[in-house]
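Undergrad: One structure is given below, represented as structure tokens, and several questions about it will come after.
The values are calculated or read from the model by the stated rules, or taken from the named source; none is laboratory data. Values in this document were obtained by computation on a predicted structure and should not be read as measured data. Backbone-built Cβ (ideal geometry, glycine too); neighbour counts: all protein chains shown.
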Amino acid sequence: MSGAAPTQGLPALPALSQLDWQDGQLHLEGAALDALAQQHGTPLFVYSKAAMLQALAAYQRGFAGRNAQICYAMKANSSLGVLQVFARAGCGFDIVSGGELARVLAAGGDAAKVIFSGVGKTRAEMAQALDAGIGCFNVESEAELEVLSAVAQAKGQRAPVSIRVNPNVDPKTHPYISTGLKDNKFGVAHERTLATYRRAAALPGLRVVGIDCHIGSQITEPTPYLDAMDRVLDLVDQIEAAGIPIDHIDFGGGLGIDYNGDTPPAADALWAQLLARLDARGYGQRKLMIEPGRSLVGNAGVCLTEVLVLKPGEHKNFCIVDAAMNDLPRPAMYEAFHRIVPLVPKAGAATRYDVVGPICESGDWIGRDRDFDVAPGDRLAVLSAGAYCMSMASNYNTRGRPPELLVDGQKVMLIRERETVADQLRNERLQP
């Protein structure tokens, strides 16, 4: 529905987002966003079901005819209504906590299609996952192997494990979301991989089923994936030569999205290249696992916010809105860029603003140096807000987290109510 070029002078919209300009107003699928903001208040997150399924379909096309399992990396957006979309589409899930496992099960996900990643799983979380019957633990250290084996043995089980390998490949992304370099905390060092697999195979509470690699997030070119794949396949050769079979190969996720004219490869085009490399090396029929997150939900969501006041300054003009860093933490955390557009653009002269929130932090900004004609009471859309926004939202300054809506064609469903102060105080206790 959207295009890369402006429509009749209106701002450009991200591709594959299901956003469109209709009668001079911003729509998501069949829903007029300004009307939703008036009805539900702001800040407000709104997601497109069609955009999620469209992004998923690119992966499904890429894996047509292959033995592959797509596991949604739910840390990108863990709202139950979003998880339902992917569970009903047949996806598995990549989790990083016991709480995320509980969310998967509450949303109707299949525990047997769950991969448990993360560097710091607790014994209680390991036991919870074993009881649920998850598909695989992605183990991230040699010490974790010992703990998981002991937990599984105490239950009379053998935990299925895949070891996450750190291939020391530069994903060429922001350092905070790079995970595959030797100085990152994730995974087992490339040089220690064979010894770690030998230890895993010897432990009585473990059953080796795969190998895993994830090098980072918001990757916009195929070269890092191809480099990592080669290094992982070299390791598979060594591990299997040592008599330890590898049932599946997990290449993680990390494919980027269009935040500001970014041009990552389409998922099906990327996997055409990767599968050609797999075929050339004789691994084309091996079971494959992938864990996309941002690329499935990032451009499916927007955050709507209202202009509170305009504050002119000598060097900067500030557009102060009711959304803040607790709702949209990516700019404060990563200096990340999100496009910001008025829901009903005006034809007047534009002014350059820094768009900032009301929180008492200089880091509370949403966008810098943005040009538009706005007045207090106007509403804006922060685009590409479907990933790592609501899932990272907080109650800083005792601010309630926003409600969430899911749009399905003409139908709009409330999938999370606005959080109240009473909700926040419920679990706190005053001193006697």
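Undergrad: Starting from residues that are aromatic (Phe, Trp, Tyr) and surrounded by fewer than 24 Cβ atoms within 10 Å (Cβ to Cβ), keep the ones in the range 359-393 and report whichever is modelled with the highest pLDDT.
TA: It comes out as TRP365.
Undergrad: What about ARG330, is it out of contact with any strand residue (DSSP E or B) (no Cβ under 8 Å at 6 or more places or on another chain), free of Cβ contacts under 8 Å to residues at least 60 places away in the same chain and not acidic (Asp, Glu)?
TA: Considered against the rule, which asks whether it is out of contact with any strand residue (DSSP E or B) (no Cβ under 8 Å at 6 or more places or on another chain), free of Cβ contacts under 8 Å to residues at least 60 places away in the same chain and not acidic (Asp, Glu), ARG330 comes out as no.
Condition check ((1) of a type in the set (Val, Ile, Thr); (2) touching a strand residue (DSSP E or B) at 6+ places or on another chain (Cβ under 8 Å); (3) surrounded by fewer than 21 Cβ atoms within 10 Å (Cβ to Cβ)) across all residues:
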position	(1), (2), (3)
MET229	no, no, no
GLU240	no, no, yes
GLY261	no, no, yes
ALA300	no, yes, no
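Undergrad: Where the second residue is among the basic types (Lys, Arg) and modelled with pLDDT of 95 or more and the first is in the same structural domain as MET325 (by TED's automatic domain parsing) and lies in the range 366-379, which pairs have Cβ atoms under 6 Å and are six or more apart or on separate chains?
TA: What qualifies is ASP369/ARG352; ASP371/ARG352.
Undergrad: To continue, here is another question. Just checking, which of VAL356, VAL421, VAL407 is in contact (Cβ under 8 Å) with a residue 60 or more places away in the chain and either of a type in the set (A, V, I, L, M) or surrounded by 15 or more Cβ atoms within 10 Å (Cβ to Cβ) (or both)?
TA: Exactly one of VAL356, VAL421, VAL407 is in contact (Cβ under 8 Å) with a residue 60 or more places away in the chain and either of a type in the set (A, V, I, L, M) or surrounded by 15 or more Cβ atoms within 10 Å (Cβ to Cβ) (or both), namely VAL407.
Undergrad: Can you say whether GLY65 is surrounded by 18 or more Cβ atoms within 10 Å (Cβ to Cβ) and either of a type outside the set (Asp, Glu) or in contact with a strand residue (DSSP E or B) (Cβ under 9 Å, 6 or more places away or on another chain) (or both), as far as the supplied structure shows?
TA: no
Undergrad: Do you know which of the residues in the range 22-36 that are closer than 11 Å to PRO345 by Cα and touching an Asp or Glu at 6+ places or on another chain (Cβ under 8 Å) is surrounded by the fewest Cβ atoms within 10 Å (Cβ to Cβ)?
TA: GLN25
Undergrad: For the structure I just gave you, tell me whether GLN431 is over 26 Å from LYS49 (Cα atoms), surrounded by 14 or more Cβ atoms within 10 Å (Cβ to Cβ) and modelled with pLDDT of 95 or more.
TA: No; evaluated as a whole, the condition is false for this residue.
Undergrad: Here's a follow-up. Which is part of a strand (DSSP E or B), among the small types (Gly, Ala, Ser) and assigned by TED's automatic domain parsing to the domain that holds GLY156, of GLY210, GLY261, GLY243, GLY253?
TA: GLY210
Undergrad: Condition (residue is over 25 Å from ILE215 (Cα atoms), among the aliphatic types (A, V, I, L, M) and surrounded by 22 or more Cβ atoms within 10 Å (Cβ to Cβ)) applied to the range 73-81: is it met by at least one residue?
TA: No, the conditions are met nowhere in the range 73-81.
Undergrad: Sticking with this structure for a sec: Are there any pairs, at least 6 apart or on different chains, whose C-beta atoms fall under 7 Å, with the first in the range 304-325 and of a type in the set (Ser, Thr, Tyr) and the second assigned to a strand (DSSP E or B), and if so, which?
TA: THR305/VAL321; THR305/ARG379; THR305/LEU380; THR305/VAL382
Undergrad: Another question, then. Could you check the range 242-259 and list, in sequence order, the residues that are of a type in the set (Val, Ile, Thr) and either out of contact with any helix residue (DSSP H, G or I) (no Cβ under 6 Å at 6 or more places or on another chain) or crowded, with 19+ Cβ neighbours inside 10 Å (or both)?
TA: Those that are of a type in the set (Val, Ile, Thr) and either out of contact with any helix residue (DSSP H, G or I) (no Cβ under 6 Å at 6 or more places or on another chain) or crowded, with 19+ Cβ neighbours inside 10 Å (or both): ILE246, ILE249, ILE257.
Undergrad: Name the single residue, out of those in the range 340-349 being assigned to a loop (DSSP other than H, G, I, E, B) and touching a Lys or Arg at 6+ places or on another chain (Cβ under 9 Å), that is surrounded by the most Cβ atoms within 10 Å (Cβ to Cβ).
TA: Only one residue tops the list, namely LEU343.
Undergrad: Pick from the range 1-29 the residues that are in a loop (DSSP other than H, G, I, E, B) and modelled with pLDDT of 95 or more: which of them is nearest to ASP268 (Cα to Cα)?
TA: Only one residue fits best here, namely GLN18.
Undergrad: Quick check: is even one residue across the range 267-277 closer than 22 Å to ASN77 by Cβ, of a type outside the set (Phe, Trp, Tyr) and not in a helix (DSSP H, G or I)?
TA: no
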